[in-house]
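The values are calculated or read from the model by the stated rules, or taken from the named source; none is laboratory data. No experiment lies behind these values; they were computed from the predicted model shown. Cβ: placed from backbone, ideal geometry, glycine included. Neighbour counts: every protein chain shown.
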Amino acid sequence: MKQDGDAASLPVCFVSSHEGFLGSIKKLIKDFVVTEIDIHGQQVNTAAPTPAPHCSEKVSSRCKQDFQGAEDHHAFSADCRFDLTISSPDSLDLSMILGPAVSEQLEQFVVSLRDDVMEEEGETPGNKELSLGSFTDKYQRANVHRAVRHRFPFLMTVTIQPEIRVREDPDYRELSQLVTEEEAEDFFRFIDAKVQDSSYTFHPDDNKEHRTAVHHFLNRRFGKLVETKSFGEQERTAISVRLRERGRPKKRTADERKEEDVYTAFTLCKENLETLEAISYMAATLGVLPSDFTYAGIKDKRAVTYQSMVVKKVSPQRLMEKRAEFEKRGMRLSQIRSVAEPLKLGRLQGNHFDLVVRNVRPHGADDAHTGAEKQRHLATLVEEALENVKARGFVNYYGPQRFGTGQGVQSDHVGLALLQEDMVTAVRLFFSPDDGDDPQSQAKRHFLQTDNAKESLALMPVSKARERLMLRALNRYGTGPEGCAKAWLSLPHGMRVFYPHAYCSRVWNEAVAHRLATLGHGVRQGDLVWMQGADYMDDNQESSTAKIHVVTEQEEQQGVYSLAQVLLPMPGNTVKYPENGMGTWYRERLARDGLESCRFRVGSLKMNLPGCYRPMLANLCNLRYRLQTKEEGAGGGEVLTLNFDLDSSCYATICLREIMKCDP
C-alpha cells in the first residue's frame, strides 16, 4: 500500500488497490473548472454554464461523510482559522494603483528631491510638484492619498479636483534636520495613522538644547494633535509623543454611516489568476482596501474558478460600472446584489469540479490488447478505479499547491525556518529562485548574490506583491536578523502564517502515510475521533479539542468506528496527539527538525498556530464520468471527463492521484 517517494514530494500511500491509469490534467485552462458550493449546497455560478457530460454516465449519489474540512481545497485553509485579509496599507502597491509609468515618475521625483536636499544643504525646499493624474472616483483618490503618504511620508498630496499633485512636505524637511531621516519618516507615519491612545518615542538624546528645539517644533506644527514630554535619566533621556485625548469618537454623518454599511455580493469568475491577485487589482480600481473584500475560500490559479465574494463600501451600481474593466484582466463578475454582511472564511460546503484528463492510457505497455479490446481494457481500468474511490474514498493529503509548485525551495522549508526563529535563513529561502531566467528569478538571484534589496526591487516584476513588500522592508531596515524580521512583518498576517502552516501540513501528510503503513486500515486503540454527535465545525479551538475522543481497546475490538472517522492533528499549541504509536511519531518527527520544545508561537512575527484536526480520509460525491475514444484533443488519445463534489479543504489533484495511482 505504501511506496517510497522523493522526500520533497507527497508520500505515496493509497487506500484502494486498483491498477489505475496514466493521463494529463490542465493541458488547457478550461480543463480544470472549480465552482464553489455555498453553505446551502448550491453552486455559486447558477447563472453561468459549465461543462457537463451529455452521454451515458455513471452517477454516484453517495452521501457526504458527517465530517467536513473548514475551508477551500487550495493554498490557504481556514481549518486552523487563519485570517487572510490584507489590512496593511503597505500591501497597496503604487505600481498597481497609479500604473507602472506614473509610479516610476514618482520614484524619479523622489530621487530628484533627495538630490536637491544635498545641494541646498538645509536651505528652504523648492517648489517642485508632480501630477499623478486625474481620478474622477473619490474612493480611488482617497486610496492614492493614503498609499502615497504611507510609502513616502515626506510627501504631501494635494487634490485640485480631479487631479492629484504631490510635493515635498516642508514640515518633514524641518524635522529631518533635527532628528534622523528614519525617525522623521516613522513620526509622520504615526501622525498620519492617528491611532487612538498610540505614542511615538524618538531615540534617546543627551543634548537638552536639542531636545528643546524638537519640543518647540512639534508643539508649533502639531500641538493641536499631540503632546510631548521628555523622560529618562541623563544620557538616556528621550522625547515621547502621544496623540491628545479626543474624547468620544467623532460621530459619523448619515452619509458616512450609509457608505460604511454598504455590502455588495457577487460571483467572481477568473482564469489563470490567483484570488489575492484578483482582489488587489479590484481594490486598486475601486479605491478600497483589499481587506474590504471577503470570501469563503481561495481558488486555484491555473483553472477557471467561480467563487462568492462580498465587497464593503462599494454599491452594486459602482461594481457594475467596472465590470468591463475587470474583464480585461481575466475576471468576470455576475450576480451582483446588495447583502447585509460580509462573507466569512470557510463558509462553504465544498467545491464542484469539472475536469478533463487527456491522453488516458494504461500504466506500462499494453501489448496484450489491440483495437477494440484495447479500448475495452482501458474502459475497465477507468471504471474499476472510479468505483473503488467512490466506495472507499482517498487519503486526505494536503495538495502540492500548499508547498509551492516551482523548482525553488518549497514553502514548508521557509515555514520551518520561521518556527526556528531563524529570520535570515527564512528570507534567503523565500528568495530562492527557480532554474529559469524569468524576471522574478533574475531578481531573486540578484538579491542572494548581492544582498542589494534596492536593485533587486527594481528588477522584481510589479505583479509580485509579496516579494516587493519584502524587498522594500529589507532596503529600509537592512538584511540582518532585525531587518529580516521587519521584512516578514511587512507581509499581511495571512501571508506570513501561510509558511509555518505549510510546514505543519507537510508533517500531517507524513503522519497519515506513517499511520496507514504501521497501523493499517483499521481503527486502533489510542486513535482520535470526534465524539458521537459532536459538531465538527466549531470556531472555538478549545471547545473542539474537548470534543475529541480517544478510542478505547473495547471500541477497537467492537469496531465502533470506521477509518473515515479517524482524525490526525495538525501540529499546534492546543491540539492533543494520538495515544498510541502515532503520538511518539509526532514527538520524534518534530524533534528531528529541532522543534521538540516549540510552542508554535513566533512572538516577534505575531504568529500563533493553535493546530487543528483533519480526517484521514475524504470522499468524492455526485460522481459522473465519461471516457471518449478516438479524441484528437490536446495530447491526443482517449479523454476522460470527470464531474464530482468534494468537501472544503479537500484537493481534486489528490483525489485524481488515488484514482490514477500516479501524479496527474
Exactly one condition in (1) among the aliphatic types (A, V, I, L, M); (2) assigned by TED's automatic domain parsing to the domain that holds TYR561; (3) touching a residue at least 40 places away in the same chain (Cβ under 8 Å) is not met by ALA652; state its number.
-> (2)
Is it true that some residue in segment 126-145 is outside any helix (DSSP H, G or I) and either modelled with pLDDT under 70 or assigned by TED's automatic domain parsing to the domain that holds MET282 (or both)?
-> yes
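So which helices (runs of 4 or more DSSP H) are wholly in segment 273-328 and hold at least 3 residues that are over 15 Å from ALA465 (Cβ atoms)? First the steps, then the outcome.
Details: elements: 275-286, 316-321, 323-327.
Answer list for segment 273-328: 316-321, 323-327.
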Within segment 582-596, is even one residue under 26 Å from GLY346 (Cα atoms), surrounded by 15 or more Cβ atoms within 10 Å (Cβ to Cβ), in contact (Cβ under 8 Å) with a residue 12 or more places away in the chain and not β-branched (Val, Ile, Thr)?
-> no
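Do you know which residues across segment 548-578 are among the charged types (D, E, K, R) and more than 24 Å from ARG601 (Cα to Cα)?
Residues of segment 548-578 that are among the charged types (D, E, K, R), as a first pass: 553, 555-556, 576.
Result: GLU553, GLU555, GLU556.
When segment 547-571 is examined, which residues are found to be under 26 Å from VAL507 (Cβ atoms), of a type in the set (Gly, Ala, Ser) and in a loop (DSSP other than H, G, I, E, B)?
Going through segment 547-571, the residues under 26 Å from VAL507 (Cβ atoms) turn out to be 547-551, 556, 561-571.
The next check asks that each one be of a type in the set (Gly, Ala, Ser); those that pass are 562, 564.
The one that is under 26 Å from VAL507 (Cβ atoms), of a type in the set (Gly, Ala, Ser) and in a loop (DSSP other than H, G, I, E, B): SER562.
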Considering residues that are polar (S, T, N, Q), touching an Asp or Glu at 6+ places or on another chain (Cβ under 6 Å) and at pLDDT 65 or above, the number found within segment 514-554 is 1
Elements of type helices (runs of 4 or more DSSP H) contained in segment 359-478, each with 1 or more residues being more than 27 Å from VAL497 (Cβ to Cβ) and modelled with pLDDT under 95 | 371-392, 439-450, 453-459
Inspect all residues belonging to segment 163-171 and state whether any of them is of a type outside the set (A, V, I, L, M, F, W, C), on the phi < 0 side of the Ramachandran plot, over 33 Å from the mean Cα position of the chain (by Cα) and in a helix (DSSP H, G or I).
-> yes
Just checking, how many residues over segment 608-638 are at pLDDT below 90 and either assigned to a loop (DSSP other than H, G, I, E, B) or under 28 Å from GLN420 (Cα atoms) (or both)?
-> 9
